[in-house]
Amino acid sequence: MAPRIAPLEPPYAETTQKLFDLVMPDGMEPLALFRTLATNPRVFPRFMRAGVLDRGPVAIRDRELVIHRTTARCGAEYEWGVHVAAFARPLGLGEDWIRATVHADADDPVWTPPQAALVRLCDALHDTQTIPDEVWDELRSHFSEEQIVELIYTAGLYHAVSYLCNGLGLANEPFGERFPD
């Protein structure tokens, strides 16, 4: 499937290259998502500043669970697959964990209690756009208010990322993984 908007091809404008350099490892071609968004000089810099992939108050494994679950629930295989390859595998998150981000519910034994709370958060936000009191209470028993704000922001941001990936018709990256059966 061809993307709906052709991604930029090199050479890139200096300002665009600087934004790519902020997030891409040396020698790696920028992701199709970034190159496609870069066709819009108003949106691209704003998108690049919105990220939460730096060190913050949320542990990387918890952040990745929110990203994986949100993108899976949105059917955004492109973004889910990038995060499996770039984060889940290097972090040593096993096959059961990866599969569960797509297919398991919050009561699956693969999850620790804090992870189950994160799955409930993602599912509630996806299904109802709010957080029921019982899910909030569960979150509060595992995470600080600062962490909860970042977790909600991450879920919302990756809803937007999923909309972009799906709406733009992005094909999976060559290294990106596919949803498990």
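The values are calculated or read from the model by the stated rules, or taken from the named source; none is laboratory data. The structure presented is a predicted model; accordingly, all values stated were derived computationally and were not measured. Here the Cβ positions follow ideal geometry from the backbone for every residue, glycine too, while neighbour counts run over all protein chains shown.
Residue count for region 106-133, restricted to those that are over 15 Å from the mean Cα position of the chain (by Cα), within 20 Å of Thr154 (Cβ to Cβ) and among the acidic types (Asp, Glu): 1.
Could you tell me whether region 57-71 includes any residue that is more than 27 Å from Asp105 (Cα to Cα), surrounded by 14 or more Cβ atoms within 10 Å (Cβ to Cβ) and under 20 Å from the mean Cα position of the chain (by Cα)? No, the conditions are met nowhere in region 57-71.
Can you find even one residue in region 28-41 that is of a type in the set (S, T, N, Q), within 30 Å of Ala13 (Cα to Cα), touching a residue at least 60 places away in the same chain (Cβ under 8 Å) and surrounded by 14 or more Cβ atoms within 10 Å (Cβ to Cβ)? Yes, there is a match, as at least one residue in region 28-41 is of a type in the set (S, T, N, Q), within 30 Å of Ala13 (Cα to Cα), touching a residue at least 60 places away in the same chain (Cβ under 8 Å) and surrounded by 14 or more Cβ atoms within 10 Å (Cβ to Cβ). Checking the structure you have, find out if any residue of region 152-173 is under 14 Å from the mean Cα position of the chain (by Cα), more than 28 Å from Phe44 (Cβ to Cβ) and assigned to a helix (DSSP H, G or I). Within region 152-173, not a single residue is under 14 Å from the mean Cα position of the chain (by Cα), more than 28 Å from Phe44 (Cβ to Cβ) and assigned to a helix (DSSP H, G or I). Where helices (runs of 4 or more DSSP H) fall wholly inside region 1-92, the ranges with 1 or more residues that are among the charged types (D, E, K, R) and at pLDDT 95 or above are 14-23, 32-37, 60-73, 77-83. Restricting Thr101, Thr130 to residues that are of a type in the set (Ser, Thr, Tyr) and in a loop (DSSP other than H, G, I, E, B) narrows the list to Thr130. Would you mind stating whether Tyr78 is farther than 22 Å from Arg178 by Cβ, hydroxyl-bearing (Ser, Thr, Tyr) and touching a helix residue (DSSP H, G or I) at 6+ places or on another chain (Cβ under 8 Å)? So Tyr78 fails the test.
Residues of region 126-168 that are of a type in the set (Phe, Trp, Tyr), more than 14 Å from Ile67 (Cβ to Cβ) and surrounded by 13 or more Cβ atoms within 10 Å (Cβ to Cβ): Trp136, Phe143.
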